[in-house]
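Everything on this sheet refers to the single structure shown next.
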Amino acid sequence: MLNNIGLPGLLLIAVVVLVLFGRGKISSLMGEVGKGITAFKKGVKEETEEAKQSLEAARDVTPEQEKDKA
């Protein structure tokens with residue numbers, strides 16, 4: 001049933017949602033969604049940077065061998 005929704009069906013759904021909730025409510029909801037996406041991207045970026053830093057620190061754990069041990 002949902003496979004056959006075309007452009008006219010989507011436009012009808014959009015009009016019904018707009019009538020039910022009003023323009024102000026929808027715009028504030030979309031603003032909150034945008035803030036959430038921004039916060040998510042920022043968190044992923046910070047976590048990636050933390051992971052890179054911990055990898056750098058983990059590489060230095062191995063002891064160095066003495067070269068003139070002969």
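Below, the figures for the structure above:
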{"item": "Solvent-accessible area per residue, Å², over the stretch 1-56 with all protein chains present [probe radius 1.4 Å]", "result": "94 Å²"}
{"item": "Probe 1.4 Å - accessible area at residue 38, Å² to nearest ten", "result": "90 Å²"}
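The values are calculated or read from the model by the stated rules, or taken from the named source; none is laboratory data. Nothing here was measured: the structure is a model prediction, and the numbers come from that model. Only protein heavy atoms, including side chains, enter the accessible area calculation; ligands, DNA and RNA are left aside. Shrake-Rupley method; radii C 1.70, N 1.55, O 1.52, S 1.80 Å.
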